[in-house]
Amino acid sequence: MPRWNKKDRRKPPSAAAPDRPETADDGARPGKEPAGRFRERRRDSRLVEENKVSIELLADGRSAAERTITNALTKDISPGGVRVVTSTLLPVDTLLRMEIVLSGLHRVLRAMGVVRWTRSVYGEGMFESGIEFTQISPEEKLLLLEHTYKKKG
């Protein structure tokens, strides 16, 4: 590596070129998010807790007797939706009805939702899904807001 000399009018090799913007230490580029980080898109604050959930898939054209009911556990919950872990694959865009037992309150929250994403976790046979609430009564939404922010606060 060439050695920098005071008499040498050039800048040392470590100095940034004036026509090139410097990058941040975390790998960020000007106008971009830092490398390895994603911008949070959720509208609501999430509460990480496990609650028992009963899920009924409401697939088109099925009679009430043919509907699938499965049990799950929440990983986190917010006024806008819930992340669940279950042994049943919940296909994206599936409409479903849920009953969530809120821990500590011993209250059952009833809501309709749609599966937004699903991924396999913990090896084969277990799935994690993000569900957005599509129908929830104002009273139950308020209950969920109070539950979420009291536990976080």
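When the Cα positions of T134, P91, V101 are compared along the charge dipole of segment 47-152, V101 comes out farthest toward the positive end, with charges on each C-beta of Lys, Arg, Asp and Glu. Computed from backbone phi, the HN-Hα couplings of segment 116-130 come to 9, 7, 8, 8, 7, 9, 6, x, 6, x, 10, 9, 10, 9, x Hz, rounded to whole numbers (Karplus: 6.51 cos²θ - 1.76 cosθ + 1.60, θ = phi - 60°; Gly and Pro given as x).
In terms of other Cβ atoms within 10 Å, K150, K141 run from fewest to most in the order K150, K141.
Summing Cβ point charges (Lys, Arg +1; Asp, Glu -1) relative to the Cα centre of segment 47-152 gives a dipole of roughly 240 debye. Residues whose amide H falls under 5 Å from that of G81, counting only those 5 or more places apart or on a different chain, are F133, with hydrogens built in the peptide plane. Taking other C-beta atoms within 10 Å as the exposure proxy, S87, S45 rank S87, S45 from fewest upward. Given segment 47-152, report the % of alpha carbon pairs whose separation exceeds 24 Å. So the portion of pairs separated by more than 24 Å is 20 percent.
Sorting V114, V48, V82, V101 from the fewest to the most surrounding beta carbons within 10 angstrom yields V48, V101, V114, V82.
The phi-based Karplus calculation (6.51 cos²θ - 1.76 cosθ + 1.60; θ = phi - 60°) puts the 3J(HN,Hα) values of segment 89-102 at 5, 9, x, 4, 6, 7, 7, 8, 10, 10, 10, 10, 8, 6 Hz, whole numbers, x for Gly and Pro.
Quick note: the coordinates plus some simple rules give every number you see, no bench work behind them. Treat the numbers as computed from the prediction; the structure is a model and nothing was measured. Neighbour counts run over all protein chains shown; Cβ positions are idealised from the backbone, glycine included.
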